[in-house]
Amino acid sequence: MKIRRTTTPILSAAALVALAALAAMPTATASSASPAPTPVTGSPAPVPTNPQPDDGTEDSSIPEGVDNESLPGGITPRAGAGQHRVTVRVAADEEWRNQLGTKWKSVANTILEKADDRMQAEFGINVVVKEYVGYTSNDSLGDDECALLGDMTGKVGNNSKDIVVGFLGQGSFGGCAYLDGDHTVILRTNQVKEWQIARHEISHLFAAKDRYINVAGDNPNHVDDVMEDPYDNPNRWVSPDHGIIDNHAGKFD
């Protein structure tokens, strides 16, 4: 998907238009996989209202192959949260690999390990990278992240891993995911922390929907959370998002 603001239980006219546009979108399939679901939305990841530029100092603090299962200080597991190990195949395009050089794997792993801290505490979802592969993205797609998601899905299968997370150096901001699916992409950016986008996108894989205004229509009663504003509120999921993810947390068990 790309990220933006909130929803109401009854679809607004804007939401209906967005859904009609989604219905017309083609879907891509990975080799030896069933057809992928339609991306969450064709709109960009939510644009931060108060950008906090990423200076890159934390980019590669967790080396490749390391699953940091210990939660950072101050994060306490929710009582009743299960234990769900989700294996990941990381796919990095040529721009990502060229920009980051020998660090490309550790940067991807750091982003995912930071993204899953709260997911592990709240839902028992522990994202573990099991394989890194390179692929060539379609440069003609520019920074259209949902088109780039379809491009990656058609080129990179799961190879027996639960999910595929694509890391792209093409474009300058965004992410896209298949709702309740198993493929997502994250575009490299210095506008925000990429783990915030990753947490939002991975939440889509567990069926949580966008809540920001461009997709759902503004709902002033919906508390900002990961699905509405993952930049200023990256550490909480409120109703109905919390319950949706909790109910889908074991989908890969």
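No value in this document is a laboratory result; all are computed from the given coordinates. All values derive from a computational prediction rather than experimental measurement. Here the Cβ is made from the backbone with ideal geometry for all residues, glycine too, and neighbour counts use every protein chain on show.
Figures for the structure shown
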quantity	calculated
Sum of side-chain charges, Asn247 neighbourhood, beta-carbon under 12 Å (Lys, Arg +1; Asp, Glu -1)	-2
Distant-in-sequence amide H partners of Val192 (H built 1.01 Å from N, under 5 Å)	Asp54
Residue pairs, from the table Lys155/Lys193; Lys105/Lys193; Lys103/Lys155; Lys103/Lys130, whose Cα atoms sit over 21 Å apart	Lys155/Lys193; Lys103/Lys155
For Lys251, distant residues with modelled amide H under 5 Å away	none
3J(HN,Hα) from dihedral phi, the range 131-142, Karplus parametrisation 6.51/-1.76/1.60, rounded to Hz, x for glycine, proline	7, 10, 9, x, 8, 10, 7, 7, 5, 5, 7, x
